[in-house]
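Comments concern the structure below.
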Amino acid sequence: MIRDLVSALDYSMFAELALALFVVAFATMTYGTLRLSKNASDRFASIPLSDDVEDPRP
Amino acid sequence: MATGTPTNGPGDAALSSDSGTEEVRLEQFQYDDGIVRLFATATIVWGIVATLVGLIVAVLLVLPSITGGLPWFSFARLRPLHTNAAIFAFAGNGIFAAVYYSTQRLCKARMWSDVLSRMHFWGWQLVIVSAAITLPLGITQSREYAELEWPIDILIAVVWLFIFGGNFLMTLIKRRERHMYVALWFYIATIVTVALLHVFNNLVIPAGWFKGYSVYAGVQDAFMQWWYGHNAVAFFLTTPFLGLMYYFLPKAAERPVFSYKLSIIHFWSLVFIYIWAGPHHLHYTALPEWASTIGMLFSLMLWMPSWGGMINGLLTLRGAWHKVAADPVLKFFVVGVTFYGMSTFEGPMLSIKSINAFTHYTDWTIAHVHAGALGWNGFMVFGMLYWMLPRLFQTKMWSEKLVSLHFWTGTIGILLYIIPIYAAGLMQGWMWRAMDDTGHLMYPDFIETTQSIVPLWWLRVVGGVLYVSGMLMLGLNSMMTWMGRPSEYENPVHTAPRLSKSYVDHTPTPTSSIDDAPVLELGKKVSIWSQMGWHRRWERLPVRFTVFTTIAVVVATLFEVIPTFLIRSNVPTIATVKPYTPLELAGRHIFVSEGCYNCHSQMIRPIVSETKRYGEYSKPGEFIYDRPFQWGSRRIGPDLAREGGKQSSFWHWTHFENPENVSPGSVMPAYGHLLTEDMNYDAIAPHVKVAAYLGAEYTEEDLNNTAEVAYKQAEYIAADIVAQGGPAKAYEKQAVALIAYLQRVGVDLFATEEPATPEEPVAPEAVEGEEAETIEEVANGDSPPQASSEVAAAK
């Protein structure tokens, strides 16, 4: 059944569909990332600089 | 298990804290640097081995007979050893050293299990040693970067996924740092995706302890292999190295990464995009057009995150460039990241179909991968090691000058390697396509095109010598530094509170900025969702993060895999394409074992210069019995897709004995052992049985009397060789099987349906008179391919 279903699909638009899927995912992630506060971003970025636990921790 | 001594102490405070009722305790722990020392040492040792073998194979190209025809040291057997050693031994151990050092510190926790850490180390070394033994012996799948046979593949899966992956994931779960730093994301993606790629690409049906046949055939095998092959580059040589970069570059520069936000975008973009890009390795082949196009499209999109990552790495050094001038560690990192930028610009460019038509199969690809491997992977590992070694051995580097000398030797070595090979690739591309005014090939003799680049291959050897010299300097410097270590390593005890299970996020509950606006409730919910608090939560939840990363990779994979496997029109069958005879199958096994794909492709693209040189372009239906596919990725020698019937059997015999006898100027080594080692007919049956199990149609006679069937065909070919003036009793030797296979390659397309009543098998002693003349015609290559096919069918 899956074989019949997939065989019935028109894959001529496949590349465009994949591109649209990526663009949606990418735009969502970029938007979310840009909403990250500078304070949090700076704290996260500095994690590797110390081998000890920073307190208060995020 | 991790050592931790709980003591009572103050709890977390401020932004996020534990729930009010839970008592918070401080725990003491020590980082396990012993395992890092082991992996760092293995990185150096295997790095020397990998580059030395690389140098040997470079020399074998210009001096093919230097090993005296010893089969274990032929170019085609050693090249996979070089690539596997460079990727899985050198880069692999480098990755593990980086992961074990940085994960513990980013998680503020010792690795979950010291036992699993040691099992990982010794298990991985066992994999490497097994590869080093089996590949020169010709025990190989002959699929690029997936050459190892199934018992070793099972060992890899266990060591990678259950031992390494399990230990890593449990360390994340037991960590004491709430936020998972971006380097850990890259490690998660690496572990998950490599496991997925490795398992699904290596699904085989065993035909013995040392041989497995892929469950995929032809086009589908090619698709799976390059889904794996390209993503091995992506998730073994890129994502873990980016994790390494995001940890060690800030450490060495003593400043945080330029943009943490960019690193998040970098991560998700790579994970989403990379997995789609594999089919760009198969442009203009028998792969369906839609898959090829999608591979190109997503490869082009990779420019964006790759350069984002490079810029993020280089700009981390903002305001610290004066340090770069003085610190060789930073120099290694700067050059490494720059090569990442170069390689990731070039990769998408090579995926553009029109460019790929020119560069594919040429040395350009070799230059490209070495720019990445030597520059990006090599230099990032060197930078990391030179930063870590004084800390691991708790003493100064033995010689800072030697570190600088390594940097300059390595840099010049890379340039001296890649520049001539880029030139060689350009020359090959032009010469293979060049046509005169009358529409004929300007260089019809393939050897002429190879001979013209031999001087450039010599320059590559010089570049390789310099790079290997740098590796030896690293080895010497490390050993001397180790000898200067203290009698006992200090192992500081760190103290940190355990993360509470009931995490309370004190960030204010998100509210919609449009609360007061006259909009639907749905709009307000979308507004809150868009603040992405949910993603912040993911970043604290390793299991969920791992699951979502897996989904991202799997969805992209299924988008390509499902249609490739289920749409029948992707691989139109050809009625005249039949399974290989038992002897041909045995010959194909020899072809695979000898690694002939390292120099010969079996895929004629629908490009005028190729069809003029090699014949009719390859069709998807021609490969349905090819397990594994042997399309290759490089042409040091000519394509063999239409080799059947082109030359006489005795020509092949002579060619194996010494290629220069029939092809003056050939860089192919002699395969004399095929002419001296006996053919074991009793060993063919398992191969035929597995082929039948996988769908090839064999008669009862083929399946039950395999040896006799194969022997009869061998006698026929041996008579053919005798008739040409060759030696007697050729049927006793392995070469006869390989000749049977080569005479069959690519002829089925032109075959006519077999007659209703098969002819009687012809005994060798009966080959006289007219029949002998017929054979001679075939042997001389006078007859068209279908004639040869008919002869094969008669057998």
- Note on the structure: Note: B:Met349 to B:Leu405 extended length (0.36 nm per residue) minus current alpha-carbon separation gives 16.8 nm
- Ordering B:Asp639, B:Asp437 by how much accessible area each has at a 1.4 Å probe, largest first, what is the list? B:Asp437, B:Asp639
- Query: How big is the equivalent ellipsoid of the range B:118-205 along its three axes, where each semi-axis is √(5λ) from the Cα gyration tensor, reported in whole Å from largest to smallest?
  - Reply: 29, 14, 10
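Find the percent of Cα-Cα distances in chain B that exceed 36 Å, and round it to a whole number.
Details: 153938 of 315615 pairs.
Above the 36 Å cut-off, chain B has 49 percent of its Cα pairs.
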- Query: How much solvent-accessible surface does B:Arg318 expose, in Å² to the nearest 10, with a 1.4 Å probe and all protein chains in place?
  - Reply: 90
- Task: Determine, from the Cβ-Cβ distance of B:Val158 and A:Asp51 and an R0 of 45 Å, the FRET efficiency 1/(1 + (r/R0)^6), rounded to the nearest 0.05.
- Result: 0.90
- Task: Please give the FRET efficiency for B:Trp122 paired with B:Met483, using the beta carbon to beta carbon distance and R0 = 35 Å, rounded to the nearest 0.05.
- Result: 0.90
- Item | Theoretical FRET efficiency, 1/(1+(r/R0)^6), r = Cβ-Cβ of B:Val115 and A:Glu16, R0 41 Å, to 0.05 | 0.20
- Message: What's the magnitude of the charge dipole for the protein assembly as shown around its Cα centre, counting Lys and Arg as +1 and Asp and Glu as -1 at the beta-carbon? Answer in Debye, nearest 20.
- Response: 4700
- Quick one: compute a quarter of the convex hull surface over the Cα atoms of the range B:26-484 and quote it in nm². 23.0
- Ranking by accessible area, most exposed first, for B:Ser513, B:Ser663 with a 1.4 Å probe: B:Ser513, B:Ser663
- Message: Give me the one-decimal nm value for the distance between modelled label points at B:Leu52 and B:Trp209, 7 Å along each residue's Cα-to-Cβ direction.
- Response: 2.8
- Task: Any chance you could look up the accessible area of B:Val547 with a 1.4 Å probe, heavy atoms only, rounded to 10 Å²?
- Result: 70
- Item | Per-selection Kirkwood Rh - the protein assembly as shown (Cα, Å, 1 d.p.) | 29.1
- Item | Amide H partners (placed H, <5 Å) of B:Gly212, local residues excluded | B:Trp150, B:Ala207
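Where does chain B land at 222 nm, in deg cm²/dmol rounded to the nearest 500, when only DSSP H runs of n ≥ 4 count, each adding -39500 (n - 2.57), divided by all residues?
-18500 deg cm²/dmol
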- Note on the structure: Residue separation between B:Leu63 and B:Thr338 times 0.36 nm, minus their alpha-carbon distance, gives in nm 95.6 nm
- Any idea what the dipole of chain B comes to, in debye rounded to 20, about its Cα centre with Lys/Arg Cβ at +1 and Asp/Glu Cβ at -1? 4800
- Expressed in square angstrom to the nearest 10, the accessible area of A:Val24 with a 1.4 Å probe stands at 100
- How large, in Å, is the range B:419-498 by the Kirkwood hydrodynamic radius built from its alpha-carbon pairs? 17.7
- Task: May I ask for the net charge around B:Thr706, where only other residues with Cβ less than 10 Å from the Cβ of B:Thr706 are counted and Lys, Arg are +1 while Asp, Glu are -1?
- Result: -3
- Query: Can you put B:Cys596, B:Cys107 in order of accessible area, largest first, using a 1.4 Å probe?
  - Reply: B:Cys596, B:Cys107
- Item | Coarse-grained scattering of the range B:582-750 at q = 0.11, 0.16 Å⁻¹, given as base-10 log I(q)/I(0) from a Debye sum over alpha-carbon atoms | -0.45, -0.98
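The values are calculated or read from the model by the stated rules, or taken from the named source; none is laboratory data. These figures come from a predicted structure and were not determined experimentally. Don't worry about glycine lacking a Cβ; one is built from the backbone with ideal geometry, like all the others, and counts go over all protein chains shown. Note: areas computed on protein heavy atoms with side chains; ligands, DNA, RNA excluded. Shrake-Rupley method; radii C 1.70, N 1.55, O 1.52, S 1.80 Å.
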